[in-house]
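Only one structure is covered here, and it is reproduced in the block below.
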Amino acid sequence: MNGDCWKMIGRALLVSLAFCTTANAQNASSPDSAHQDAASSGRTYKARPTQLRRSTLLQPYHPADEADFNSGFLPESSYPMPSILMAPYFGKGGRPASKRQTTLLPPSFDNWLEQDGVFGDPMGWRSYLQDHGVSMGGRYFEDTSANATGGRARAGRYADEFAFNVDIDFKKMTGLSLGMIHFMMTDRRGAGLGNALPVVNSPQEIYGAGEYSHLTQLSWEMVWNKYVDTEVGEINTENDFEQSSTYWGGNLYCQFQNNGLCGMPQSIAMNSGYGFYPSAHPGAWVKFYPAGNDHYLIQFGAYSVDPRITERRRAWNLGLGGATGMFLPFQLGWHQGGKDDYSGPLQTNVKIGGYWDTTEVHDVYSQLKSYGVPAQLAQNVQSPKVRGRFGGWFQFDRMLERDENDPRRSTAFFGSFTWGDPRTAVAPYLMTLGLVRKGTFPGRPDDTISLGGKIIWINPKLSHWVRGMQNSGYKDLYRPGTESALELNYGYRPARWLLIRPGFQYYWRPGATSRYKDVLLFDMEAGITF
């Protein structure tokens, strides 16, 4: 049997598993239970969020059972398990049990559009398994981009991803407080447009890290008490450090297709051993909540650095054989908000973090060839090795308003700034800004319109070197500087399990030089939750 046959069989099995098994009852980062803080003068706040995966889709609004929000701080078994999905079944605190599907197929076409996964809850098996500690889910997502003008050449590219996850809650399964096991795999296919243009940050966030199946997570998480949470195993840094905040049950940064915005400010991954989705690295983290709630956060992590982790033969690697050092991040967080994004105080988040990378790498002059410098010139430049890269980030986001006459409609803003070691960082500075409006036209409370942009600065050392060579007579060189991009898109939700998001992007100085004309791209994203 040839390779294409195995690929087709594998994808068919993925869809079959998603149909026959359970989808997660609660979204990873949008708990529909909360605790009452005695010091908050009666205001309620969200329970401590667990991980938010980059592939989390925006959660359409569901009214929650208010009684469950005021039941005190949650025990371990009540914490929502991470999911790559929109929360497909709410269980306690959401849709009442009597609404569970008792037939193989939904009773009507309208019910099919309103259910949380395309396959629903046939015969109630999804919700039954969830109640007994086993959650499974999956999704399909695609990015398509084509440039109408500018760049090196006219081109169009399509890339997709299938994802499948399993979460096991030992408290629900056995009654013992033994934490949770998380497993996730992804399969990527297609081609990217970034190198064809070329641009520094890919216009397709779903492309990259190898177009084949990956182990994305295999870990054990333990909520020890209301002050301490830990995880250890095969994980990626993007879930836990410099990550997006959660709005309306979804990843705020990933309301955009541009990879400079989704799923985290990208320069940190360019400048260090930061582990990004969908690759998994051996690692661990610990989170401290000094007040016993989600208002304040102190966290530390340790992850192996493996420059070859995106190679096909290492996509399911579980060892440290390719490790060249450790990535050691820390992060401080402050959160203010209501029990959800539909009532109570408007959400605000501030994150400040930094990292130390113990790996030894060549300094930034080793990257000259990336900016069109001929090999014979670049090889004459001394590029000594440096050990101990460092950097940091600042992130801010806030819900700006919530419509008084319809709490499903609101507007959120985010901004970030990252910086890297000037000795080694290709792009030491990156700034992002974004504005997302949920609820667009009458009758479209779950649609979104998003406007965002980024500007990235190439290391001035490279710019100065190229300028010196231009002054010496090498007129064909193009001095690297900045690359800026703007994205506008519309997220249309004809069903709770279906997202269609057309949009466009505009790049100024693609590739961070003046070699090519500015680029205008037309985009189309689509996602289906199983």
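The values are calculated or read from the model by the stated rules, or taken from the named source; none is laboratory data. Since the structure is predicted, the reported quantities are computational estimates derived from the model, not experimental observations. All Cβ positions, glycine included, derive from the backbone under ideal geometry; neighbour counts span all protein chains shown. Quick note on the areas: whole protein, heavy atoms, side chains included, nothing else; ligands and nucleic acids left out. Shrake-Rupley method; radii C 1.70, N 1.55, O 1.52, S 1.80 Å.
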Using a cut-off of 18 Å between alpha-carbon atoms, which aspartates and glutamates can reach Lys171, once sequence neighbours fewer than 8 places away in the same chain are excluded? Glu76, Asp131, Glu221, Asp229, Glu231
Quick check of the Kirkwood formula: for region 470-521, what is the inverse mean of 1/r over all pairs of different Cα atoms, in Å? 13.7
Karplus-derived 3J(HN,Hα), 6.51/-1.76/1.60, for each residue of region 395-406, Hz, glycine and proline x: 9, 9, 8, 7, 7, 7, 7, 9, 4, 5, 8, 7
Diffing region 325-331: the Karplus 3J(HN,Hα) column from phi (6.51, -1.76, 1.60, θ = phi - 60°), in whole Hz with x for Gly and Pro, holds x, 10, 9, 10, x, 9, 7
Region 292-385 - Debye-derived log10 I(q)/I(0), Cα point model, q = 0.12 Å⁻¹: -0.71
Of all the C-alpha pairs in region 154-230, what % are more than 22 Å from each other? 47
Flagged as over-length at 28 Å C-alpha distance, from Lys172/Lys351; Lys226/Lys351; Lys172/Lys339; Lys475/Lys517, the pairs are Lys172/Lys351
At 7 Å along Cα-to-Cβ for each site, give me the label-to-label distance between Tyr474 and Leu433 in nm. 3.6
So, how do all the Cα-to-Cα distances of region 205-311 break down into 5 Å bins, in percent, from 0 on up? 2, 11, 19, 22, 22, 14, 6, 3, 0
Taking K and R as +1 and D and E as -1, what net charge do the other residues with C-beta under 10 Å from the C-beta of Ser410 add up to? +1
On the accessible surface of region 141-185, probed at 1.4 Å with all protein chains in place, carbon and sulfur together account for a percent value of 64
Cβ-defined net charge surrounding Asn317, 15 Å radius [Lys, Arg +1; Asp, Glu -1]: +1
Where does region 402-530 land on Rg/Rh, using Cα atoms and the Kirkwood Rh? 1.14
Whole-number D in µm²/s for region 238-397 (Stokes-Einstein; Kirkwood sum over Cα pairs; 25 °C, 0.890 mPa s): 137
Multiplying the sequence separation of Leu320 and Ser370 by 0.36 nm and subtracting their Cα-Cα distance, what value in nm do you get? 15.1 nm
For Thr359, what residues show an amide H to amide H distance below 5 Å, using hydrogens built from the backbone and excluding near sequence neighbours? Met326, Gly388, Arg389
Under the Kirkwood approximation for Rh and a Cα-based Rg, what ratio Rg/Rh is obtained for region 425-480? 1.40
List, in order, the whole-Hz ³J(HN,Hα) value for each residue of region 413-428 obtained from phi through the Karplus relation with A = 6.51, B = -1.76, C = 1.60 and θ = phi - 60°; use x for Gly and Pro. 10, 9, x, 8, 9, 10, 9, x, 4, x, 6, 10, 6, 5, 10, x
Residues other than Val381 with Cβ under 13 Å of its Cβ, Lys/Arg counted +1 and Asp/Glu -1, net out at +1
D (Stokes-Einstein, µm²/s), Kirkwood Cα radius, region 313-367, 0.692 mPa s at 37 °C: 210
